[in-house]
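Derivation of every value follows stated rules applied to the coordinates shown; laboratory data play no part. Values in this document were obtained by computation on a predicted structure and should not be read as measured data. Every residue, glycine among them, receives a Cβ derived from its backbone with ideal geometry; neighbour counts consider all protein chains shown.
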Amino acid sequence: MHIRALTVGSMAVCCYVVACKETSRAIVIDPGGNEADILAICKQDGLQVDYIVNTHGHPDHVCGNGVIQKATGARIAMHREDVEFFGRPEVTQYFSVLGLPASPPVDLQLKDNDTINFGNQALRVIHTPGHTPGGICLYGPPNLFTGDTLFVGGVGRTDFPGGNSATLQHSIQSRLLSLPPATVVWPGHGYGGASSTIGKEMRSNPFVNGEI
């Protein structure tokens, strides 16, 4: 599994181009802007993008979906609970103040334990609600793409519509901390650093280990 990470958009989203070296098939996780840079990486590496996968439906993580899909023909994938939630008019209106492009319709509605295949590689969907109702992480040992569920030294905020702090903590404690300590954490924003491990977060993340 080959991972190219770049920070994109006005809200510094961590976007990942994840590829199968043997087949050059790939997925793009959370294209939140800088679409030309994302596409340049795909072209440079000779990749065929099969899926655009959104870890959740917030506009800063989906605003590049349309441009990437038009250029690559990739299918857009998101958890079905976020498809429903972010389709509500009142939710759309709330987040419209950000002024970011909306995503085209989702092609593949994901659920917990679904598998996203690209070439000889695969990532398993782990449903981790709390930041949003349909927030997900993507796991392909030893890598874990955590979106805005878990950051390096922090966790996703829960004060937006659809957020719930108790639900987020349950997701982290029950779904993520049970993974091997050496699991590499690739967060949705690099506020505390570009990457970490589950073991490090268990030891040093105050939002995870109960210090806060």
Checking the a/c ratio against 1.5 first, then a/b against b/c, what shape does the Cα gyration tensor give for the stretch 25-66? oblate
What the Cα atoms of the stretch 2-204 span along the principal axes, largest first and in whole Å, is 41, 41, 28
Lysines near LYS70 by alpha-carbon distance under 22 Å, same-chain residues fewer than 8 away left out - which ones? LYS43
Give me the net charge for the shell around SER178: Cβ to Cβ below 15 angstrom, other residues only, Lys and Arg +1, Asp and Glu -1. 0
P(r), alpha carbons of the stretch 94-176 - 5 Å bins starting at zero, rounded %: 3, 14, 20, 22, 19, 14, 6, 1, 0
From the residues GLY188, THR132, THR23, which one has its Cα farthest along the dipole of the chain in the positive direction, the dipole being from +1 and -1 charges on Cβ of Lys/Arg and Asp/Glu about the Cα centre? THR23
So which trypsin sites (Lys or Arg not before Pro) in the stretch 115-175 end up in coil per DSSP with only 13 or fewer other C-beta atoms within 10 Å? ARG157
